[in-house]
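The values are calculated or read from the model by the stated rules, or taken from the named source; none is laboratory data. What you are looking at is a predicted structure, and each value in this text was computed from that prediction instead of being measured. Glycine also receives a Cβ, built like all others from the backbone with ideal geometry; neighbour counts cover every protein chain displayed. Ligands, DNA and RNA are excluded from the accessible area calculation, which covers all protein heavy atoms including side chains. Shrake-Rupley method; radii C 1.70, N 1.55, O 1.52, S 1.80 Å.
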Amino acid sequence: MQQSLAQQPVSTPKKAMLGFVFSLTGAILILARGIVRIAVGDVITFAGSDFVRHRFLAGLALNIIGGIAVVFAILILVGAYFIYKGMTTAGGVIVIIFSLLSILVGSGWLIGLIIGVIGGILALLKK
């Protein structure tokens, strides 16, 4: 006696939704910190003391650091997308690497770094 195809359970690939949510949240925090650094860099460049050269260099440094933070956040978002699409190992590794590297540029007020690493680990564990 054969069972019809409609009665057989269909297995769906396991998604690491909790890892995705944590990775996405970490990326948003790191992105927000990068945008804040860029804005502060612009304010320092065009306002402040009489030392134009110091203002310019300080503002430029903050703009560069903010830009790098935005790039790291975008790469973490790519990792989160991979996690969402089922490529949990690749996505988890990308999220962990760029979350850890974000400590060099402010790391989303440190909580973005922590949440991103937790999200990457959860993705590797498929949770």
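Averaged over its residues, the chain has an accessible area of 61 Å² per residue, based on protein heavy atoms and a 1.4 Å probe.
Given I103, I68, A123, which one lies farthest toward the positive end of the charge dipole of the chain, if we put +1 on the Cβ of every Lys and Arg and -1 on the Cβ of every Asp and Glu? Ranked along the dipole, the leading option is A123.
Rounded to the nearest Hz, the phi-derived 3J(HN,Hα) couplings of region 20-35 under the Karplus curve 6.51 cos²θ - 1.76 cosθ + 1.60 (θ = phi - 60°) are 4, 5, 5, 5, 5, 5, x, 5, 5, 5, 5, 4, 4, 5, x, 5, where x marks glycine and proline. Ignoring everything except DSSP H segments at least 4 long, calculate the 222 nm mean residue ellipticity for the chain; use -39,500 (n - 2.57) per segment, divide by total residues, nearest 500. For the chain, the value works out to -25000 deg cm²/dmol.
Summing Cβ point charges (Lys, Arg +1; Asp, Glu -1) relative to the Cα centre of the chain gives a dipole of roughly 300 debye. Taking A27, A73, A16 in turn, the Gaussian network model of the chain (Cα-Cα springs below 10 Å) assigns the largest fluctuation to A16.
Note: relative contact order over the chain, using C-alpha pairs below 8 Å and six or more positions apart, is 38 percent.
Compared with the direct C-alpha span, the chain from L57 to K15 gains 10.5 nm at full extension, assuming 0.36 nm per residue.
Across all C-alpha atoms in region 17-127, the radius of gyration and Dmax reach 15.8, 55 Å. Counting only alpha carbon atoms, the long axis of helix 52-84 and the longest principal axis of the chain meet at about 0°.
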